[in-house]
Amino acid sequence: MHKTEFLTYLQNLKKYSSHTINSYAHDLNQFYSFCLENKYLLEEDEIISDGRVIRKWINNLSGQGLSAISINRKISCLNSFFNFLIHEGFINKSPLVRIIRPKVTKKLPEFIREENIKTLLDSDIFQDDFTDLRDKLIIELLYSTGIRRAELIGLKTGDIDLIARTIKVTGKGNKQRIIPFPKILKDLVEKYLIFRDTIQNCEDFLIITESGKGVYPNLIYRVVKKYISMISTGKKRSPHVLRHSYATHLLNNGADINAVKELLGHANLSATQVYTHNTFEKLNRIYKQAHPRAKK
């Protein structure tokens, strides 16, 4: 494919909306402008020969401070375009074959310190009424079981076994798992149910509103944010932070990672392993503080 043909297809992106090219018009036009500004279209077949221009484009994007995620999205867009050209018979292979994409650094999950959560849940900030007991139960359930917000919302009264101190959780893909919980949570549930039973015509969900309806995602988020803000200065104050805290604290205290995987309902161990980074950082600090050779 010669430079003139390449230019023609870049300049007429909207013609290919049926091939999903149009949705990538901004990124492709950006690449086209880069080629024009730097006069990279002067040599025959330079664009598609060995990917040198694409590497220069990637370096340019990186120099502008774009994140690896944003750059990879633009590369994927360009890849779709070249795949389209291959499909149409204009080129035989994509110049992106040997392009190494920027590595995306995984962000470590934020969590709350054990003593901070303990301070909150053991405080007298929660009153002895339905709303405060329900809100405390929301926090306690999320932290003591590590369940997701959607899983919490879907809990039915029949899913909790107070004698065995376990809950049956329906997770992603309708997969069910059994999670144990501590006596302190059992006592809280029993106290909450006394107030809950006074509400007329309430739905079968464990966590309900004052009118007896099942709770909704925004309510859970507001409750968690309100109380986490009292004990944490972290940027994230969502229900998932309590799930992160649950997993991190289990691993910090010696729990087997495969057991934590099952408790969290992860399909793959790699999803659970992200929490070991936080655990390793703690162990590393302890090692440096305690081992006599670590200070030399």
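Quick check, is Ile220 in the same structural domain as Arg148 (by TED's automatic domain parsing) and within 16 Å of Glu140 (Cβ to Cβ)? Here the answer is yes, as Ile220 does meet what is asked. The listed residues are Ile58, Ile69, Ile75, Ile54, and the only one of them that is exposed (fewer than 14 other Cβ atoms within 10 Å of the Cβ) and assigned by TED's automatic domain parsing to the domain that holds Glu37 turns out to be Ile69.
Residues checked against (1) at pLDDT below 95; (2) in contact with a Lys or Arg (Cβ under 9 Å, 6 or more places away or on another chain); (3) over 20 Å from Asp204 (Cβ atoms):
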| position | (1), (2), (3) |
| --- | --- |
| Asn116 | yes, no, yes |
| Arg134 | no, yes, no |
| Leu142 | no, yes, yes |
| Ile153 | no, no, no |
| Asp161 | no, yes, no |
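Can you tell me which residues in region 149-163 are farther than 24 Å from Asn218 by Cβ and in contact (Cβ under 8 Å) with a residue 12 or more places away in the chain? Gly158, Leu162 - these are the residues of region 149-163 that are farther than 24 Å from Asn218 by Cβ and in contact (Cβ under 8 Å) with a residue 12 or more places away in the chain. Here is a check on your reading of the model: is Ala247 within 16 Å of the chain's Cα centre (by Cα) and either exposed (fewer than 15 other Cβ atoms within 10 Å of the Cβ) or in a loop (DSSP other than H, G, I, E, B) (or both)? No.
If only residues of region 75-96 that are at pLDDT below 80 and β-branched (Val, Ile, Thr) are counted, the one that is farthest from Val189 (Cα to Cα) is Ile91. Taken over region 88-99, residues that are farther than 15 Å from Val53 by Cβ and either free of Cβ contacts under 8 Å to residues at least 60 places away in the same chain or charged (D, E, K, R) (or both) amount to 4.
With respect to (1) of a type in the set (D, E, K, R); (2) part of a loop (DSSP other than H, G, I, E, B); (3) closer than 25 Å to Phe111 by Cα, the lone exception for Arg222 is condition (2).
When Asn284, Asn278, Asn252 are checked against the criterion of being under 16 Å from Ile117 (Cβ atoms), modelled with pLDDT under 75 and either assigned by TED's automatic domain parsing to the domain that holds Pro182 or within 14 Å of the chain's Cα centre (by Cα) (or both), Asn278 stands alone in meeting it. Kindly provide the set of residues from region 172-219 that are among the β-branched types (Val, Ile, Thr), within 22 Å of Ala247 (Cβ to Cβ) and not in a helix (DSSP H, G or I), ordered by number. Hits for region 172-219 are Ile178, Ile179, Ile207.
The values are calculated or read from the model by the stated rules, or taken from the named source; none is laboratory data. A quick note: this is a predicted structure, and the numbers were derived from the prediction, not measured. All Cβ positions, glycine included, derive from the backbone under ideal geometry; neighbour counts span all protein chains shown.
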